[in-house]
1. Given the criterion without any contact (Cβ under 8 Å) to a residue 60 or more places away in the chain, open to solvent by 40 Å² or more (accessible area, probe 1.4 Å), assigned to a loop (DSSP other than H, G, I, E, B) and out of contact with any Ser or Thr (no Cβ under 8 Å at 6 or more places or on another chain), identify the matching residue among 235, 205.
2. Could you say which residue among 171, 151, 222, 186 is open to solvent by less than 10 Å² (accessible area, probe 1.4 Å), among the aliphatic types (A, V, I, L, M) and at positive phi?
3. Among (1) more than 20 Å from residue 59 (Cα to Cα); (2) crowded, with 20+ Cβ neighbours inside 10 Å; (3) over 14 Å from the mean Cα position of the chain (by Cα), which single condition is residue 84 missing?
4. Starting from the range 47-71, keep only residues that are farther than 19 Å from residue 93 by Cα and open to solvent by 30 Å² or more (accessible area, probe 1.4 Å), then list their pairs with residues that are at pLDDT 95 or above and β-branched (Val, Ile, Thr) whose Cβ atoms are within a distance under 9 Å, requiring at least 6 positions of separation or different chains.
5. Just one of 125, 150 is in a helix (DSSP H, G or I) and in contact (Cβ under 8 Å) with a residue 40 or more places away in the chain; which is it?
6. Limited to the range 1-16, what total is found for residues that are basic (Lys, Arg) and either surrounded by 16 or more Cβ atoms within 10 Å (Cβ to Cβ) or at pLDDT below 95 (or both)?
7. Quick one: what pairs do we get from the range 297-308, first residue polar (S, T, N, Q) and open to solvent by 10 Å² or more (accessible area, probe 1.4 Å), second modelled with pLDDT of 95 or more and part of a helix (DSSP H, G or I), C-beta under 9 Å, 6+ apart or different chains?
8. Just to be sure I understand, how many residues within the range 258-310 are in a helix (DSSP H, G or I) and in contact with a Leu (Cβ under 8 Å, 6 or more places away or on another chain)?
Amino acid sequence: MDKIRWGILATGKIAHKFAQGLQLLPGAVIQAIGSRSAESAKNFADTYRIPNIHTSYESLAADPEVDVIYVATPHPGHKEHSLLCLENGKHVLCEKPFAVNAREAQIMVAKAREKNLFLMEAMWTRFMPANVELRKILQDQVIGEVRMLTADFGFASQFDALSRIYNPDLAGGALLDVGIYPISFAYMVFGQEPVHLSSTASICSTGVDDQSAYLFGYANGALARLSSSVATETSREAVIHGAKGFIRVPLFWKASEIYLQVEGKEGVTYKFPYPGTGLQFQAKEVMDCIREGKTESTIMPLDETLRIMHCLDRIRAQWGMKYPME
């Protein structure tokens, strides 16, 4: 398959970033766009020169000229829209967080496996060239055994009770919106489940967390100190401390450099510049897997997505925080 034909489901901000990434990827064809708004679909199609325009998600999912669909709707739509695409025989890349909770995620994974179709959570952080190199450094134990990780992702947003960020009906809050980044990063770094998990949150007037923190403890004594916020600007970096040094990853979720400090040696900065939005790297993984006949990625496997979703559920359970759709 020289060309992989993409459909994009929804036309929000992240859909635009994904389309911009696809434009830089050899072999990627943006074949179709689907929106419930005819005007939005046409504007999106005009911007990226997309031939097939659909004014319903059902029509997009049924398009015979589409191989794989990127689901870009808000969190509560991920399960419904991914299942719609899978039922119509389409491979799926679903925006993070994969679902609202682990129960939904399990249904999605079961359907993909039943249909023998590719499915992956769009955790684009894992596919950035800097983080690919980071995994090699950790695997080679350049800094020795990893003992501690600190990572945060926070930004200051204006409070709007109806916005995607703060609205419980849209599964808002810091945890699912940006907390997923440091948590998934911790799973990548340690490659194992925490045996201890404790957390705390600031719950705002709409009933969702505007900032929260998470402490993971591992069987070997290692720790991860993580936090997220939609109300506070933070450094948004990750620091991995090992027995023989440390690694600093500025803006780790879209990393373009790594600073490596090994005991007894001068620190070194490795730079990994990339064009565009960076979302093209996860799309390349999807395309490579489809060409190879794989139904999931070894870098972002479905079982790991399920483990992370269970972790998010455990964290919210500690706060007693449920969404209306649950």
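1. Among 235, 205, only 205 is without any contact (Cβ under 8 Å) to a residue 60 or more places away in the chain, open to solvent by 40 Å² or more (accessible area, probe 1.4 Å), assigned to a loop (DSSP other than H, G, I, E, B) and out of contact with any Ser or Thr (no Cβ under 8 Å at 6 or more places or on another chain).
2. Within the list 171, 151, 222, 186, the selection yields 171.
3. (1)
4. 49/30; 51/30; 53/33
5. Working: 150 fails: in a helix (DSSP H, G or I).
Every option except 125 fails the conditions.
6. 1
7. What qualifies is 298/289.
8. First pass over the range 258-310, keeping only residues in a helix (DSSP H, G or I): 280-291, 302-310.
If we keep only those that are in contact with a Leu (Cβ under 8 Å, 6 or more places away or on another chain) too, we end up with 280, 282-284, 286-287, 302.
So the answer is 7.
The values are calculated or read from the model by the stated rules, or taken from the named source; none is laboratory data. These numbers were taken from a predicted model, which means no experiment stands behind them. When we count neighbours, we look across all protein chains shown, and the Cβ atoms used for this are built from the backbone with ideal geometry, even at glycine. Keep in mind that these areas ignore ligands, DNA and RNA; they rest on the heavy atoms of the full protein, side chains included. Shrake-Rupley method; radii C 1.70, N 1.55, O 1.52, S 1.80 Å.
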